[in-house]
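Below: one structure, written as structure tokens.
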Amino acid sequence: MGIFDALRRSTERVFEHQARKLINKAENKLINEAEESLKNHRMVTREFTYQALPRTLEELKAVQKCPQDVFETAALAVLALNVYESDPDACAAMLDYLNGPDAVANRDLQLIRTQFMGDAKYTVRSYFKGAGPQNNYTPTMPYTVTVHDNPYSYQNQQEGYISLFIPSGGADTDRQITLRTKPSTGEWFIHSWQGLLMGIRTADEANPWA
């Protein structure tokens, strides 16, 4: 090996070592910034109150105050699902509206139909304040839906998605709903809401062991 080859390899090793140090330093900085961001996050919790459930799509639009409000859109999804028991077609129209430019998928409508053959009527009522298994998920009037974020809600915001959470009176963990924005208008639409149909504790009137 010539002296120049030895010098070249020695120089390359020095550069590789310095590059690794810079990369590690940058990675550590990003990790520290992320941890600091999570530590300093102050959870946003909002309540939405309604005197009555909307019966038609036009009534849902009438109670919507701001389509650019991601928290409100999440609350409206709860209203729409609660209409299914009395009027499945109206529920489908509301979900289609809240779903944005893409029509709500048939598989999602089938999921609702399947769930409502069981106890989903209790499930969707459980998101209203005051509703729990002991009172057969009877909401406190007026209807109130609580929506909050958490430190991980905005991880995909640059891609146009925010995940929010809705407490259920029949579950120990809050249910997640993911929403998607339309950049040209700033409106928010439901994207992944099927978790709102997850099972909850059985209502006393349907529980033989209550």
- Item | Residue that is farthest from Gly118 (Cα to Cα) [pool: residues in the stretch 176-210 that are touching a helix residue (DSSP H, G or I) at 6+ places or on another chain (Cβ under 7 Å) and among the aromatic types (Phe, Trp, Tyr)] | Trp188
- Output the residue which, of all residues in the stretch 184-210 that are of a type in the set (D, E, K, R) and under 25 Å from the mean Cα position of the chain (by Cα), is farthest from Tyr122 (Cα to Cα). Glu187
- Query: Quick one: how many residues across the stretch 99-117 are in contact (Cβ under 8 Å) with a residue 24 or more places away in the chain and either more than 19 Å from Ile166 (Cα to Cα) or outside any loop (DSSP other than H, G, I, E, B) (or both)?
  - Reply: 8
- In the stretch 70-90, what count of residues is obtained for those that are buried (at least 24 other Cβ atoms within 10 Å of the Cβ) and small (Gly, Ala, Ser)? 4
- Selection from the stretch 159-183 of residues that are under 12 Å from the mean Cα position of the chain (by Cα) and closer than 19 Å to Leu95 by Cβ: Tyr161, Ile162, Ser163, Leu164, Ile166, Arg175, Gln176, Ile177, Thr178, Leu179, Arg180
- Query: Which ones in the stretch 161-190 are without any contact (Cβ under 8 Å) to a residue 40 or more places away in the chain and either outside any loop (DSSP other than H, G, I, E, B) or surrounded by fewer than 17 Cβ atoms within 10 Å (Cβ to Cβ) (or both)?
  - Reply: Tyr161, Ser163, Phe165, Asp172, Thr173, Gln176, Thr178, Pro183, Ser184
- Evaluation of Ala74 against (1) touching a helix residue (DSSP H, G or I) at 6+ places or on another chain (Cβ under 8 Å); (2) assigned to a helix (DSSP H, G or I) (one fails), failing number: (1)
- Query: Which is among the small types (Gly, Ala, Ser), closer than 30 Å to Ser184 by Cβ and either modelled with pLDDT of 95 or more or open to solvent by 40 Å² or more (accessible area, probe 1.4 Å) (or both), of Ala105, Ala93?
  - Reply: Ala93
- Filtering the stretch 122-143 for residues that are touching a helix residue (DSSP H, G or I) at 6+ places or on another chain (Cβ under 8 Å), of a type outside the set (Phe, Trp, Tyr) and assigned to a loop (DSSP other than H, G, I, E, B) leaves a count of 4
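The values are calculated or read from the model by the stated rules, or taken from the named source; none is laboratory data. These numbers come from a predicted model, not from an experiment. So basically every Cβ, Gly included, is an ideal-geometry build from the backbone, and we count neighbours across all protein chains shown. SASA here: full protein model, heavy atoms, side chains in, ligands and nucleic acids out. Shrake-Rupley method; radii C 1.70, N 1.55, O 1.52, S 1.80 Å.
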